[in-house]
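This report concerns only the one structure given below.
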Amino acid sequence: MRHLERALAAALAVAVLTAAVAAPVAAQAGGDDGSEPVCFPGGGHELDIGTEGPGIAVTVHTSLFTNLTDAGALGMEARGTALNATIIELRTGVVFDGVGPAEEFLANPFSRFAILFDYSFELPMFAGLVDDSSYETDESPVSGVDSRGC
């Protein structure tokens with residue numbers, strides 16, 4: 001339970017700190033056509049760190065607070081790039097699937113929530129030199145609650 005509290009506190013801190021300075025973005029698309037998979041419900045606030053060379057693109061999702069009965073999320077997506085390649089990518093947060101049928105929601109409201117976690121790390125500059133220059137996982141570091149990957 002302590003891990004869940006830490007994860008929620010970290011996600012909330014990131015959301016509060018960047019929401020005021022980040023510009024809203026439209027709903028995300030992707031997945032079936034070969035583009036990036038959709039992990040969070042649409043919308044979010046973008047923040048780019050670094051304009052030349054290495055950089056980090058962050059999208060903060062706070063729709064959990066604005067879509068009270070619909071699907072929403074509180075989380076973030078971060079992508080670190082260098083040398084025109086993605087080096088590290090993290091998508092994590094709390095996802096709410098919406099209220100759904102009232103009887104089911106009232107019987108178990110927490111069944112509509114899940115921890116989203118998707119992490120990848122790649123060093124493409126070492127691709128031919130070592131057996132495996134990348135690492136991916138969607139296994140949440142938070143145990144005891146429902147989790148999902150992208």
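The values are calculated or read from the model by the stated rules, or taken from the named source; none is laboratory data. Quantities reported herein were computed from a predicted structural model and do not represent experimental measurements. Note that we place each Cβ from the backbone using ideal geometry, even for glycine, and neighbour counts take in every protein chain shown. Calculation scope for accessible area: heavy atoms of the full protein, side chains included, ligands and nucleic acids excluded. Shrake-Rupley method; radii C 1.70, N 1.55, O 1.52, S 1.80 Å.
State the number of residues belonging to the range 96-115 that are open to solvent by less than 60 Å² (accessible area, probe 1.4 Å), out of contact with any Leu (no Cβ under 8 Å at 6 or more places or on another chain) and of a type in the set (Phe, Trp, Tyr).
Going through the range 96-115 one residue at a time, the tally reaches 1.
Please specify each residue of the range 58-83 satisfying the condition of being surrounded by fewer than 17 Cβ atoms within 10 Å (Cβ to Cβ) and closer than 20 Å to Glu136 by Cβ.
Answer for the range 58-83, where residues must be surrounded by fewer than 17 Cβ atoms within 10 Å (Cβ to Cβ) and closer than 20 Å to Glu136 by Cβ: Thr81, Ala82, Leu83.
List the strands (runs of 3 or more DSSP E) that sit entirely inside the range 7-99 and contain at least 1 residues that are closer than 22 Å to Ser134 by Cβ and modelled with pLDDT of 90 or more.
55-61, 72-82, 85-96
Given the structure, is Glu136 outside any loop (DSSP other than H, G, I, E, B), over 17 Å from the mean Cα position of the chain (by Cα), acidic (Asp, Glu) and loosely packed, with under 15 Cβ neighbours inside 10 Å?
So Glu136 does not fit the description; no.
Between a first residue in the range 96-124 that is over 21 Å from Glu77 (Cβ atoms) and without any contact (Cβ under 8 Å) to a residue 24 or more places away in the chain and a second residue that is of a type in the set (D, E, K, R) and in a strand (DSSP E or B), which pairs have beta carbons less than 8 Å apart while being 6 or more apart in sequence or on different chains?
From the range 96-124, no pairs qualify.
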